[in-house]
């Protein structure tokens, strides 16, 4: 996907940081931001992904969600990288802080296996056209199909290392498409409305 590029009156688009991937200015990652994060292993290392690591990543996502006010409607762990779609729930959210918190702790787990993340994650901040339910669900489905496109499984639903993390809703499963999306949107809308009332 192309990165979001548009002019705005009160935000500069990119921070000029030599030797780093160019990012939008910090304001784009705060509040009700929707970001697709891609985190690759250094040197595209493999051999770290198994059921135990999957459970550890899920646990880290729960803590990241609770601490930094995000939900993760979809993640997909691949042999040498991982995708995370994070949705900010309110003004307290800062996804750059959330990513830093998550990556530091994930790196500690990966270090035990002789692997580490690349120095910086890739990100794509979703624009308004990508946030409407139909478009967003298409993005999630495209990411979920990665294992199938790479011929790791016959069907993406058979890939063990993908799921959803919304604190308090452990049974949410993106494989169950017809039930998952109405439930997710209901949770999202109720939670964002509650937080908006609490902050007013």
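The values are calculated or read from the model by the stated rules, or taken from the named source; none is laboratory data. Computed from a predicted model, the values in this text were never measured in an experiment. With ideal geometry, Cβ positions are generated from the backbone for all residues, glycine too; neighbour counts draw on all protein chains shown.
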* Asked: What's the number of the condition residue 27 fails, among (1) surrounded by fewer than 15 Cβ atoms within 10 Å (Cβ to Cβ); (2) within 25 Å of residue 192 (Cα to Cα); (3) at pLDDT 95 or above?
  -> (3)
* Tell me which of these residue 98 doesn't satisfy, since it passes every other one: (1) under 25 Å from residue 173 (Cβ atoms); (2) in contact (Cβ under 8 Å) with a residue 40 or more places away in the chain. => (2)
* **Residue check for residue 22: in a loop (DSSP other than H, G, I, E, B) and closer than 14 Å to residue 124 by Cα** => yes
* Note down all Cβ pairs under 7 Å where the first residue falls in the range 14-39 and is at positive phi, the second is assigned to a strand (DSSP E or B) and modelled with pLDDT of 85 or more, and they're at least six residues apart or on different chains. => 31/88
* Within the range 137-171, track down each residue that is closer than 20 Å to residue 56 by Cα, in contact (Cβ under 8 Å) with a residue 60 or more places away in the chain and assigned to a loop (DSSP other than H, G, I, E, B). => 159, 160, 161, 166, 167
* Quick check: is even one residue across the range 125-136 within 25 Å of residue 51 (Cα to Cα) and outside any helix (DSSP H, G or I)? -> no
* Structure fact -> Considering the range 90-124, residues that are in contact with a strand residue (DSSP E or B) (Cβ under 6 Å, 6 or more places away or on another chain) and surrounded by fewer than 17 Cβ atoms within 10 Å (Cβ to Cβ), and then whichever is farthest from residue 53 (Cα to Cα), we arrive at 122
* Structure fact -> In the range 97-121, anything over 15 Å from the mean Cα position of the chain (by Cα) and in a helix (DSSP H, G or I) is listed as 104, 105, 107, 108, 109, 110, 111
* Kindly provide the set of residues from the range 30-51 that are part of a loop (DSSP other than H, G, I, E, B) and surrounded by 14 or more Cβ atoms within 10 Å (Cβ to Cβ), ordered by number. => 31, 32, 33, 45, 48, 49
